[in-house]
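Colleague: Attaching a single structure in structure tokens format; questions to follow.
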């Protein structure tokens, strides 16, 4: 429910800002603001290691719902202006990274290590179905009924996520939060990660894909839909839905079929494929070619990101999971930087040059990462227990 509402919100606000301002740069800024809480994710991770993760998740999702209500009221009374969207997106952007930190920690808490690949794939299907439902439903409501009714749907999904969240089970930590110094805990977490030969390269690669690969599908697709394919909001929804179908297929394959004992190798293969597909997508303006490529991009993203999460959860101890996943979210800060820079590059050089440049740069940096950390291909030493 949370991701369904979030994906509706992404499409609705992205199209609204593009139409209202006619600026790809501002669309990129909007996408960046939706990750404004990334810098606080490490602190969220510290707290998540010391109190009920279920309670934290409910509070965060209630906050996301309230931010949606604020925008709904502005739209209902015909008071909405673009600057309102940016402010509310920045407020709501605090909740998304924190929600992701706690959700991934809960998965690792409750699933045996040998099932993490499958469980992570299954969990990601909620995000993929959200893109399908959110894109199509958001576009229909926006085009047929207007922004206010479309945002009523967003608010409903956020409210449902809070109610359903009451049924979540969680493992309570042994250490009482009141006896813990959050700063000391955060330092311990950073020290733990700096000593790990696994977490360092994973953090680098996470930042890299957020900076150079995700901007196309996580904020700049409205610009591509309008300027390259000549589409309206319904055409944008079709592109998002096709992309999400591919991602869903990839997630289901990971959940049901993939049992790789070396997820780091699988991750690198999928990441290189992702960049190659981006280059091919940038070179076409035909729906008959571009839409299948978008589906393949979606599948490669699922393969890459699920494998990356599995590597992190496999090599992280229970008491450090919140902190590690919190610092991992800092890598997401590459996405807002990539979105803002991508919007500027599109205005300056065009869509094809911007996407191709990002993908080529990403491939080069991925190659440098393998040269620096050969274990990304040869395999990391497996932990004895977790």
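Taken together, the values in this text are just the output of simple stated rules run on the coordinates, not laboratory data. Everything quoted here is computed from the prediction, not taken from an experiment. Backbone-built Cβ (ideal geometry, glycine too); neighbour counts: all protein chains shown.
Colleague: At what distance in angstrom do the alpha carbon centres of the stretch 46-104 and the stretch 254-311 lie from each other?
Modeller: Using only Cα atoms to place each centre, the spacing works out to 29 Å.
Colleague: While we're here: How would 83, 373, 344, 15 line up from fewest to most surrounding beta-carbon atoms within 10 angstrom?
Modeller: Result, fewest neighbours first: 83, 344, 373, 15.
Colleague: Here's a follow-up. Give me the extension gain from residue 184 to residue 22: residue separation times 0.36 nm, minus the current Cα-Cα distance, reported in nm with one decimal.
Modeller: 53.6 nm
Colleague: Would you mind calculating the relative contact order of the chain from Cα pairs under 8 angstrom and at least 6 residues apart, reporting the percent as a whole number?
Modeller: 31 percent
Colleague: Would you mind ranking 275, 349, 16, 158 so that the residue whose beta carbon has the fewest other beta carbons within 10 Å leads the list?
Modeller: Fewest to most other Cβ atoms nearby, the residues stand as 349, 16, 275, 158.
Colleague: If the chain between residue 289 and residue 79 were fully stretched, how many nm would it gain, using 0.36 nm times the residue separation less the Cα-Cα distance? Before the final figure, lay out each step's value.
Modeller: Details: separation 210, 0.36 × 210 = 75.60 nm, distance 4.11 nm.
Roughly 71.5 nm would be gained on extension.
Colleague: In nanometres, what is the gap between the two model label sites at residue 143 and residue 348, each 7 Å from Cα along Cα-to-Cβ?
Modeller: About 3.4 nm separates the two model spin labels.
Colleague: Based on the Cα gyration tensor of the stretch 247-318, what are the three equivalent ellipsoid semi-axes, each the root of five times an eigenvalue, rounded to whole Å and given largest first?
Modeller: On the way: eigenvalues 145, 30, 14 Å².
Calculated on Cα positions only, the semi-axes equal 27, 12, 8 Å.
Colleague: What value, in deg cm²/dmol to 500, does the helix sum -39500 (n - 2.57) over DSSP H runs of n ≥ 4 give at 222 nm once divided by the residues of the chain?
Modeller: Details: 18 runs with 294 residues, N = 386.
Only helices count here, giving -25500 deg cm²/dmol.
Colleague: How would 102, 168, 364 line up from fewest to most surrounding beta-carbon atoms within 10 angstrom?
Modeller: Final ranking by Cβ density, sparse to dense: 364, 168, 102.
Colleague: At a Förster distance of 51 Å, what's the computed FRET efficiency of residue 62 paired with residue 371, Cβ-Cβ distance as r, to 0.05?
Modeller: Plugging the Cβ-Cβ distance into 1/(1 + (r/R0)^6) gives 0.65.
Colleague: Can you give me the distance in nm between label points at residue 152 and residue 360, each placed 7 Å from the Cα along the Cα-to-Cβ direction?
Modeller: 5.0 nm
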